[in-house]
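Worksheet for the structure shown next.
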Amino acid sequence: MSGPPLTTAILVVSDTASRDPKTDGVGPALTAVFTDDQKPTRRDKWAAPTVKIVPDDESQIQQAIREWTDGESPYNLILTSGGTGFAVRDRTPEVGR
């Protein structure tokens, strides 16, 4: 591949993981996908992802995504995980509207 590797950011939205990051399995699992030594073409094409964990808070979700899209060097790919519960605090789907 020519040129710099593509950049990825992973946003994990979870009240639980924001209090105790050790409970998050998504960040490590997706990081492994992008940095798999068994797949040299994948490893060479993608830089190790940035992982951020935020609680189910609309403003924190929006802030993270804005930083990653509107900054000087926007990420090539942003993945989000979370918003899987049907709780009053679960605002993840609404933030994307």
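Some points to look at:
- Residue 34 falls short on exactly one of the conditions (1) buried (at least 18 other Cβ atoms within 10 Å of the Cβ); (2) modelled with pLDDT of 90 or more, and that condition is (2).
- Looking only at the range 17-31, and only at residues there that are of a type in the set (Ser, Thr, Tyr) and surrounded by 13 or more Cβ atoms within 10 Å (Cβ to Cβ), the one that is nearest to residue 56 (Cα to Cα): 18
- Every residue from the range 12-31 that is in contact (Cβ under 8 Å) with a residue 24 or more places away in the chain, acidic (Asp, Glu) and more than 12 Å from residue 51 (Cα to Cα): 15
- Close pairs from the range 57-76: first at pLDDT below 90, partner crowded, with 16+ Cβ neighbours inside 10 Å and not small (Gly, Ala, Ser), Cβ under 6 Å, at least 6 apart: 58/91; 58/95
- Within the range 48-80, the residues that satisfy the criterion of being touching a Lys or Arg at 6+ places or on another chain (Cβ under 8 Å) and assigned to a helix (DSSP H, G or I) are 58, 61, 64.
- Selection status of residue 9, open to solvent by less than 70 Å² (accessible area, probe 1.4 Å) and in a helix (DSSP H, G or I): no
The values are calculated or read from the model by the stated rules, or taken from the named source; none is laboratory data. Since the structure is predicted, the reported quantities are computational estimates derived from the model, not experimental observations. Positions of Cβ are backbone-derived with ideal geometry, glycine not excepted, and every protein chain shown enters the neighbour counts. To get the accessible areas, we keep the full protein, side chains included, count just its heavy atoms, and leave off ligands, DNA and RNA. Shrake-Rupley method; radii C 1.70, N 1.55, O 1.52, S 1.80 Å.
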